Amino acid sequence: MSPNKGMIELENITKIYRMGDVEVPALRGVTLNIYQGEMVALIGASGSGKSTLMNIVGFLDKPTEGKYTIEGIDVSGLNDNKLAEMRNKKIGFVFQTYNLLARTAAIANVELPLIYGGTGQKRKRAMEALERVGLKERATHKPSELSGGEQQRVAIARALVNDPSLILADEPTGNLDSKSTVEIISIFCRLNQEGITVILVTHEPDVAAKAQRIVRLLDGKIVEDKKVEPAAGN
Amino acid sequence: MKWIESFIIAVRSLGSNKLRSSLTMLGVIIGVGSVITLMSVGRGAEKSITSTLEGMGTNLIYIASQTPGVQGLAAMGMASQSLTLSDAEAIAERVPSVVAVAPITENYAEVAAGDESVAAFIEATTPEYEYVLNFPTEYGQFITARHVASRDMVTVLGSDIAEDLFGGEDAVGKKVKINGRQFNVIGVLEAKGGQMMGISMDAIIVVPITTYQARLFPGQTVRGEDAIQQIAVQIESTEVADIVSADITELLSQRHRITEEGKEDFLIMTQEQMMGMIQQVTGLLTVLLGAIASISLLVGSIGIMNIMLVSVTERTREIGIRKAVGAKRRDILLQFLLEAAMLSLSGGVVGIIGGWAVSWLISTFSAAAGISIDAVVSWDIVILAISVSVFIGLVSGIYPAMRAARLNPIDALHYE
Ligand SMILES: Nc1ncnc2c1ncn2[C@@H]1O[C@H](COP(=O)(O)OP(=O)(O)O)[C@@H](O)[C@H]1O
Ligand SMILES: [Mg+2]
């Protein structure tokens, strides 16, 4: 991939939610390129469209209008099955509310993408992923037996188990205390250093400060897109 | 996604709510169990009647009295006794292809010996009965033409009666009282083991028909001759059954002075017709029982659909999570279909075992009660029950599964 060519290219993306007769515009023409290996922080007030944008980038939702290409592939031409495959192979999603399967051991949660991805050595790969987030010892614990920070680390292990090129994290530290926040963010930084592209939605300035680039949304539009100087003591 | 993984997921999610899963299964268990039980009992009854009929010999024609113009059950209630001994003799002498003729009159009577007393089914007949209806003696002898001619007070006991009255002792030569009149026991019949309309074939006693008419139950026909109830005719082969029936009809019409067709005061039935009639009745019974049981299967399947719909709604977030990590529509569809199929299949298996056990109990207790219904659970019923229960699972699972598969991932994730 040439450095000038975006890994993700969004061109004039709009998203309008229809609620009965009322139309709610969540995105109003977003154009954004994200490059391989970047760590981008997406910030903005509540309701500015951050989650909507993340869902579109992660193939969980479709834009009303606009063009979305990922690694040169036009997403609008893909059917449901192909989108599911892309979610499985290319992307790891991390949610604010963890979204782990309840009553299911951590290791089984991490294995989930491999079940649908059809690759061998599931247990071993899931264990490696748990090890990368430092939760190997908790493999057999159920989500209810884990702290918020630990649950989020399981979710990150699940996101990275299938070796995605992109990790999308929508307010991953929104429900966590400051100690867990530091841990989680440092995991994202490490993954980014290992070459995975990371897009992170956050409200917290110190979290955003860890990114190399900050994109600010306001009322469904990008109002700021700036590079960050590497902070000292990173 | 591979089948084995879908299977594991289904087992896990069913196992995570055991009480609900087993209650849902209960519907199918009861449905399949009752189908199995009722079908096998119906078949057992059919089989026992058929084998009894076959045990009586197949080359048979029965003639019974009937009141012309009265049909169905009413005819049985008011059967006039239009047949006579001389009718039987005439058939034996004049109709071709007839091997032997046994006139029969039946009744209940009290049979006593010493302190013992039992109710028996009297067969008043002639010596031909022994081979026309296939009742060989185990001990002693059958009634003879001389016994009939001289109205002797002799009787041949069925094996159950002999056992009841005399236990292990040899009954031949003993005396019994039939309705208070003394008879000599001259023989004991071989045990047959069958039953006919609830009457054991071994709980009969045989007396000469003339003795019966003169000393036990004197009955008269309209024309004043000694009446008999039925005539059993043994013919050369089943092929001539129709011709012989026609010949007998002609002969009896002539003898009874019947000029109009359809006004006959007798009814002729071949063994085949009887068998067909009985099989029709028992077959209908089996179908009816099966239909009743199917209703409970239907209720069971509605239960599965209901639970699957609840399950889809409850697990909307789970579906969203699975889709977010790459589950395709057919993965979700397969998962929910498998769950429904497994619920009903395991319910079906338990139902089969339960139905089989109940059938076995019915066989055992009915044998103990003297009515032998050999309720065998045959493979075709089992296979039918399994396929029906899987089918039910799939049919009741398909709609909930499709609802689950169609969910939009982001809507499913945001479901509260
Ligand atoms: N499913 C939906 N239906 C209707 N409106 C929605 C839906 N999801 C989001 N919105 C609206 O779209 C706008 C952007 O929402 P969102 O992307 O969640 O914002 P953020 O994540 O930045 O807080 C908000 O006004 C929100 O109310
Ligand atoms: Mg949001």
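The values are calculated or read from the model by the stated rules, or taken from the named source; none is laboratory data. All values reported here derive from a predicted model rather than from experimental measurement. Every residue, glycine among them, receives a Cβ derived from its backbone with ideal geometry; neighbour counts consider all protein chains shown.
Which one of B:Ile36, B:Ile4 is within 14 Å of chain A (Cβ to nearest Cβ) and either in a helix (DSSP H, G or I) or modelled with pLDDT of 85 or more (or both)?
Only one candidate qualifies: B:Ile4.
Residue by residue, here is whether (1) in contact with a Pro (Cβ under 7 Å, 6 or more places away or on another chain); (2) among the aromatic types (Phe, Trp, Tyr); (3) under 17 Å from A:Asp163 (Cα atoms) holds:
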| site | (1), (2), (3) |
| --- | --- |
| A:Ser48 | no, no, no |
| A:Ser51 | no, no, no |
| A:Asn79 | no, no, no |
| A:Ile91 | yes, no, yes |
| A:Phe95 | no, yes, no |
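Put simply, of B:Ala227, B:Ala232 the only residue that is outside any helix (DSSP H, G or I), touching a Ser or Thr at 6+ places or on another chain (Cβ under 9 Å) and within 28 Å of B:Ala45 (Cα to Cα) is B:Ala232.
For region A:18-39, a residue qualifies if it is within 15 Å of ligand 1 (Cβ to nearest atom) and in contact (Cβ under 8 Å) with a residue 24 or more places away in the chain, and the qualifying residues are A:Pro25, A:Ala26, A:Leu27, A:Arg28, A:Gly29, A:Val30, A:Leu32.
Kindly evaluate B:Arg322 against the criterion of being surrounded by fewer than 18 Cβ atoms within 10 Å (Cβ to Cβ) and of a type outside the set (A, V, I, L, M).
So B:Arg322 does not fit the description; no.
Hey, could you check region A:22-68 for residues that are within 16 Å of ligand 2 (Cβ to nearest atom) and charged (D, E, K, R) and say which is surrounded by the most Cβ atoms within 10 Å (Cβ to Cβ)? The selected residue is A:Lys50. Which residue is nearest to the other protein chains (Cβ to nearest Cβ), if the candidates are limited to region B:382-416 and must be in contact (Cβ under 8 Å) with a residue 40 or more places away in the chain and of a type in the set (Val, Ile, Thr)? Only one residue fits best here, namely B:Ile410. Filtering region A:69-90 to residues that are facing chain B (nearest Cβ under 9 Å) and either buried (at least 21 other Cβ atoms within 10 Å of the Cβ) or among the acidic types (Asp, Glu) (or both) leaves A:Asp80, A:Ala84, A:Glu85, A:Arg87, A:Asn88. Scan region A:176-220 for residues that are within 16 Å of ligand 2 (Cβ to nearest atom) and more than 23 Å from A:Asn162 (Cα to Cα) and jot them down. Hits for region A:176-220 are A:Leu176, A:Thr202, A:His203, A:Glu204, A:Val207, A:Ala208, A:Val215, A:Arg216, A:Leu217, A:Leu218, A:Asp219, A:Gly220. Mind listing whichever residues of region A:40-76 are of a type in the set (A, V, I, L, M, F, W, C) and within 16 Å of A:Lys90 (Cα to Cα)? Matches in region A:40-76: A:Met54, A:Ile56, A:Val57, A:Phe59, A:Leu60, A:Ile70, A:Ile73, A:Val75. Please determine whether any residue of region B:318-328 is assigned to a helix (DSSP H, G or I), within 14 Å of chain A (Cβ to nearest Cβ) and without any contact (Cβ under 8 Å) to a residue 24 or more places away in the chain. Among the residues of region B:318-328, at least one is assigned to a helix (DSSP H, G or I), within 14 Å of chain A (Cβ to nearest Cβ) and without any contact (Cβ under 8 Å) to a residue 24 or more places away in the chain, which makes the answer yes.
State yes or no: is A:Leu168 within 16 Å of ligand 2 (Cβ to nearest atom) and under 25 Å from A:Arg123 (Cα atoms)? So A:Leu168 passes the test. When region B:340-391 is filtered for residues that are outside any helix (DSSP H, G or I), loosely packed, with under 15 Cβ neighbours inside 10 Å and out of contact with any strand residue (DSSP E or B) (no Cβ under 8 Å at 6 or more places or on another chain), the ones remaining, listed by number, are B:Ala369, B:Ser378. Of the set (1) more than 9 Å from chain B (Cβ to nearest Cβ); (2) of a type outside the set (Ser, Thr, Tyr); (3) surrounded by 15 or more Cβ atoms within 10 Å (Cβ to Cβ); (4) closer than 30 Å to A:His203 by Cβ, all apply to A:Leu101 but (1). Restricted to region A:142-165, and to residues there that are basic (Lys, Arg) and within 14 Å of another protein chain (Cβ to nearest Cβ), the residue that is farthest from ligand 2 (Cβ to nearest atom) is A:Lys142.
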